[in-house]
1. For the range 360-397, list residues with backbone N below 15 Å from a point placed 7 Å from the Cα of Glu295 toward its Cβ?
2. I'd like the distance between the alpha-carbon centres of the range 127-197 and the range 285-361, rounded to an integer number of Å.
3. Can you give the relative contact order of the range 43-192 as a percent, counting alpha carbon pairs under 8 Å and 6+ residues apart?
4. Once the piece of chain linking Thr73 and Arg277 is laid out straight, how much longer is it, given 0.36 nm per residue of separation minus the C-alpha distance between them?
5. Taking +1 at the Cβ of each Lys and Arg and -1 at the Cβ of each Asp and Glu, which of Ser359, Ala406, Leu416 sits farthest along the dipole of the range 316-426 towards its positive end, judged by Cα position relative to the Cα centre?
6. Along the charge dipole of the range 52-136, Cβ charges K/R +1 and D/E -1, which of Leu113, Ile136, Leu70 sits furthest on the positive end?
7. Once amide H atoms are built 1.01 Å from N in the peptide plane, which residues 5 or more positions from Arg91, or in another chain, come under 5 Å H to H?
8. Can you give me the distance in nm between label points at Thr172 and Asp159, each placed 7 Å from the Cα along the Cα-to-Cβ direction?
Amino acid sequence: MKRLISALLSVFSLLALAAPALGASEPSRKEEAVYALLDAAGNVKNIYVVNIFSGGAVTDYGDYSKVINLTDTRKITQKGGMISAEAGTGRLRYQGTLNSRELPWSIKISYTLDGKEIKASELAGASGALELRIEIAQNPKADPAFYDNYALQISLQLDADLCENIAAENATIANAGGFKQLSYTVLPGRGADIKIRADVRDFEMKEISVSGIKLTLDLDIDYGDISGELAQLSDAVAKLDGGAGELTEGARRLSEGMRDYAEGLKRYRDGVAALERGAAELSGGVSALSGGLAELAAQNEALLSGALAMQQAAFDQANDQLASYNLNLPELTPENYASALSASPMLAPAKERLDGVVSFVQGLKAYTEGVSGLSSGASQLEKGASGLAAASSKLAASASDLYKGAAELDSAVLKLYEGLAEYRNGVSELKSNTSDLGGQAEAKVRELLDGMFGKGGKPVSFVSEKNTNVDAVQFAMKTEAIEKPKAEAYASEPSGADNPTLWQRLLKLFGIKGKGKS
């Protein structure tokens, strides 16, 4: 009996001793802050995890090469992949250096200067046209839960004195002292391809920081209201489709009308161009005619003087001959000879000769008067033909411009029609996709929110899947700075209480102010 009691006591003692050990194997409730140091090209150099516990006996899991208590001097025990510690009633923080160098994101940073790729180590102090490219993609070697559910905030600073003409598409740019602060947000499940351009001189740049946090939205959504509103949207899209069809048909008819109008203007332009050529030829012919008539008119006076002299000679000769006959006749002149010579038939031959001379002189006078009139008329005609040629030239230019404008308008209307046809196709496709939008509201809204903000769910440990009691995980990644070598400092390091702790140095590394203990 004593032996039995002793045996039972031994068993109970073993169970009592084993109970704490079994309890300790359960992972403690905690938060994880993951800090990654990257080189200037984005390659991971080291990953540190600060594990934060509320107190009590701590059990944690992780594949660390080294662990450090950041809160106090109490011992932290590492046995294989299990870490144990006693936090007491206060919070406990310890840092673990992960053996793995795999982050959920693959980050690649490259640089080109004046179009040629350059290493970051060669970029410090350089000048020229710089392009900085940051490429972020999913790392297939890491748990996809972080890539799918965590948003990234990327930020960097460019010294405004060293960088000009900064071009950074989709960046939020703010002034921070003498620096331009560039910030980018990358939603869960999406990569990034960021390009930043600037003209730099004596270039230096602070660290690029990348922060990762889980996006959790607690949205109170009334899917019934959304269904009703989306049903209205579906009806509106159907009406829009009908209107787009009518608009496209109207644009088609307008395009055909403009084509006919432009073709008519082309024929008009060609006709006016032919008129311009004919008017130019007419002006040239009339000018030549006017010149010839002017030359003839210039000879009129000499011709008329000669004819009058010939007429006077004929009358003088006739008067001399008739005087020898003693016929008692007055002196013959062009005005009286006809009546004076008509009295005697024997004087008929003399009259006939003088009739010919007088008729010739009168005819020549009429000719010279006609030539003068023609010359004056041709001069006026020349002015009119010249005016017609000038007017037809302007008309031809106007017709050409009018046709050119109509042709451009025709081309624009055709493009409008083609654009509206594409718009109609797009609206028809939108109508097809929204025909039952109200009935699918909840699924579509959830799908949209999942695509933008992640799928939610309980946080998982980045360090180990055995850590099943994790409240939050956040990431802080920082690259090396690009800076010129600094002169060696000879001042001695402070000692004693002024020496920063490892925790303070870690906070300083990531630009966070804080105390070494809490």
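1. Only 375 pass the distance filter.
2. Taking the Cα centre of the range 285-361 as reference, the centre of the range 127-197 is 115 Å away.
3. Details: 271 pairs, mean separation 28.7, N = 150.
Result for the range 43-192 is 19 percent.
4. Values: separation 204, 0.36 × 204 = 73.44 nm, distance 10.73 nm.
Answer, rounded to one decimal: 62.7 nm.
5. Result: Leu416.
6. Leu70
7. Those qualifying (amide H under 5 Å, at least 5 residues apart or on another chain) number zero.
8. For Thr172 paired with Asp159, the spin-label model returns 2.7 nm.
The numbers here are math on the coordinates, done by the rules we state, and not lab data. Quick caveat, the model's predicted, so the values are computed rather than measured. Cβ coordinates were reconstructed from backbone atoms using ideal geometry, including for glycine residues, and neighbour counts include every protein chain displayed.
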